[in-house]
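What follows is a single structure, written as structure tokens, with notes after it.
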Amino acid sequence: MAGILRYARGAGALTAATTAIRLAVGATYVAQAFLLADVLVTILRGDGVADQAGRFGWIIGLVVARAALLFAAEETRARTAGATKIAIRERAFAKVAELGPVHLAGDRAGDVTATLVDSVEALEGYFSRYIPALVAGIGTPLSAVVALTVTDGWLGLVVLAFALAAVTGPQLWLGVIGDRSDERMTATIALGSAVLDTMQGMATLKVFGASRRRRDELDVLGQRLIATWVREMAVALIAGAIFTASIVGGMAAVAWAAGSRLADGGLAVHAAFLALVLSAEALRPIAVLAESFHTTYDAAGAARRLDALFALEAPAPDVRPGSTPAAPRGTTPPGPSPALAAAPAVAFEDVTFTYPGARTPSLRNVSLRIAPGERVAIVGASGAGKSTLASLLVRFADPDRPRPDPQAAATQTPEPQMPEPRASTPGTAGPARAGRVCIGDVDIRTLPVDQVRSQVAMVSQRTHLFNGTVRENLLLTRPDASEADLGRAAAAAGAHAFVSELPAGYDTVIGEAGGRLSGGQRQRLAIARALLADAPILILDEATANVDAATEAAIHTALEALAAGRTTLVIAHRLSTVRDVDRIIVMADGRIVEEGDHTALLAARGAYHRLVTAQETAA
Ligand SMILES: Nc1ncnc2c1ncn2[C@@H]1O[C@H](COP(=O)(O)OP(=O)(O)OP(=O)(O)O)[C@@H](O)[C@H]1O
Ligand SMILES: [Mg+2]
């Protein structure tokens, strides 16, 4: 419960208001019970109905007031729901943005999507329905029980016993049998992400004739969902039965007790009536509570999911100007953000990096200095760690911290015997101090993330175009760019010609252009976007992988012009495209294994030579 309540921020006042209104509704029922008992006694006594006008007036007044209160309750409930959802989604989204792509790759993306949608819905129900129902479900019966006890202690006790049974009975049952809603939620999420995956991969499935098999797999997931649902329903139905039995049993017991006490003269007629009407009123709000009871399980599961999301460690806390940052040990404390040079140097110093959840590091003791304005190419087999290196420069993640315990380091690194050509600390398996990534000699962990990213324009291997217009996609990096800048960047990237041919030119919605944009065209838009960003450091990760030779040559010329005066990191598979850079770095298995220019590396007949020969043979 405490875990769930942490998510109340932003909707606390509204939840309280809804609760107060629910309590007021309960009060109208209790007051009405007193009036009704009075009326019944008077009628029974044989007095006319005529002089009851006052009481009837009150009862009608209560009914009207209750209608108004119920309306208000629904209104504030909806507001509470909205406020809760907005507050939680904002926090969760901020966290997702902070985590960045490295932490949200692969399976996690689907889970996080589900958390952002389903879990937030579940928590909304908890605050807008369950809490008000809980307070009213305790408060109203309690006031009725107190009123009854004043009239007759025994009757109060009977109602109290059954009210407690109605509240705790189903809970006990659910506690004994275990919580089934989490099971169902897991099955729902599994089916949901499988369906999404299938939709996105439809073309692949069709081409490989695998759509039938995939459908069978979805069938299995669907069956599993139905099975968990049926189990959950069975459990819930029995809980409902226990509950109903307690309520009905309570009313019957009160009727019996009141009747027999009335018969032996121990109870006044008025008190007997009051007991009958009040016991019904006392137990009524518990029914509302029972209806919303399942939300506690859903909400507890949802809070767990959100907790897990918030527990993920972001690359590092952002350093905001003026704040005291939790700077990792061993880094220079941030002074006023230093102005960075027009084409700053970039340095990786003894960087080791392990993806969250991965067993082995993807980068091992990488040290690389790129001079201001230098153009460096990184080549190497797939999985060598090229993109990972680039992602550290934009702080999608930070280098591993040193592990203080060499024992732990030895167990976590399965191959401590491997030669460590660049290890700066012989004798230990892990790095002894945190590696650093620097821009212009400043550790980027001490700079605000925004400042770091404003220094770097990146065309990544998996660039995403958003479902907006071409123009919106290009302006993403620089919303204030002029029309002329936009055209220039697009032309330089070889995108202007085909964009002009789209139905609405730069105002064509990308999603609607749909299949019309080829892989190469998308990539050219991504390049244009990076050009527009006009940052002093440029990272091109396979920027020209999807384009034909002629276009590639054109883009190359454009990039060449662009790279002038910028510090540039080119990652390329096609080695022919990087011959003329200043320096080529060869990576293998997370390490830098060779570096030099094309001629020198070829002459060395090492890893680079092997890569080139392999490509020439394949071509
Ligand atoms: N999000 C991730 N989580 C865990 N491991 C990852 C993640 N991304 C990459 N890796 C692993 O890190 C290693 C380096 O990957 P990286 O993407 O940097 O290689 P690369 O050199 O860019 O390869 P390619 O040429 O195919 O693009 C690989 O072993 C890969 O499996
Ligand atoms: Mg890559």
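Where a number appears in this text, it was derived from the coordinates with a stated rule and is not lab data. As the structure is a computational prediction, the values presented were derived from the model and not from experiment. For neighbour counting, all protein chains shown are included, and Cβ atoms are generated from backbone atoms with ideal geometry for every residue, glycine included.
Observations
- Relative to the dominant Cα principal axis of the chain, helix 549-563 is inclined by about 90°.
- In order along region 145-156, the phi-based Karplus estimate (6.51 cos²θ - 1.76 cosθ + 1.60, θ = phi - 60°) of 3J(HN,Hα) comes to 5, 4, 4, 5, 4, 4, 6, 7, x, 5, 5, x Hz; Gly and Pro are listed as x.
- Nearest-20 debye value, the chain charge dipole, Cβ charges on Lys, Arg, Asp, Glu: 360
- Pairwise FRET efficiency - Arg212 versus Ala190, Cβ, R0 = 22 Å, nearest 0.05: 0.65
- Summed over qualifying helices (DSSP H, 4 residues or more, each -39500 (n - 2.57)) and divided by its residue number, the chain shows a 222 nm mean residue ellipticity of -19500 deg cm²/dmol.
- Once backbone amide H atoms are built at 1.01 Å from N, Gly380 has Met587 as its partners under 5 Å, excluding neighbours fewer than 5 places away on the same chain.
- Cleavage-rule hits, trypsin sites (Lys or Arg not before Pro), region 520-619, DSSP coil, Cβ neighbours within 10 Å at most 15: Arg574, Arg579, Arg605
- Test item: Cα-centred dipole of region 141-269, Lys/Arg +1 and Asp/Glu -1 on Cβ, debye: 560
- For the chain, share of DSSP beta bridges that run antiparallel, in % to the nearest 5: 50
- Applied to region 162-176, the Karplus parametrisation 6.51 cos²θ - 1.76 cosθ + 1.60 on θ = phi - 60° returns per-residue 3J(HN,Hα) values of 6, 4, 5, 4, 5, 7, 8, x, x, 4, 4, 4, 5, x, 5 Hz, with x for Gly and Pro.
- Dipole axis of region 44-84 (+1 Lys, Arg; -1 Asp, Glu on Cβ), positive-most option in Leu69, Leu44, Gly82: Gly82
- Debye intensity ratio in log₁₀ form over the Cα atoms of region 81-218, taken at each q of 0.11, 0.16 Å⁻¹: -0.68, -1.01
- Segment Gln171-Asp582, extension gain: residue separation times 0.36 nm, minus the distance between their alpha carbons: 140.9 nm
- Checking every one of the trypsin sites (Lys or Arg not before Pro) in region 1-51 against DSSP loop status and a limit of 12 other Cβ atoms within 10 Å picks out Arg9, Arg45.
- If you model region 2-311 as an ellipsoid using its alpha carbon gyration tensor, with each semi-axis the square root of five times an eigenvalue, the axes come out at 50, 22, 16 Å, biggest first.
- Between 0 and 90 degrees, the angle of helix 519-533 with respect to the longest Cα principal axis of the chain falls at about 90 degrees.
- Kirkwood Rh, Cα atoms: Rg over Rh of the chain: 1.15
- Whole-Hz ³J(HN,Hα) from phi, Karplus 6.51 cos²θ - 1.76 cosθ + 1.60, for region 24-32, glycine and proline x: 4, 4, x, 4, 5, 5, 5, 4, 4
- Aspartates and glutamates with Cα under 19 Å of Lys85, excluding same-chain neighbours fewer than 8 positions away: Glu74, Glu75, Asp111, Asp118, Glu121, Glu124, Asp298, Asp307
- Database remark: amide H of Glu594 closer than 5 angstrom to the amide H of Val586 (H placed geometrically; neighbours at sequence offset of 5 or more, or on other chains; Pro and chain starts carry no H).
- Taking the Cα atoms of region 179-262, the ratio Rg/Rh between the radius of gyration and the Kirkwood radius comes to 1.45.
- Loop-located chymotrypsin sites (Phe, Trp or Tyr not before Pro) across region 441-544 with a Cβ neighbour count of 16 or fewer within 10 Å are Phe466, with loop assigned by DSSP.
- Amide H to amide H distances under 5 Å link Thr360 with no residue, where only residues 5 or more positions off or on other chains count and H is placed in the peptide plane.
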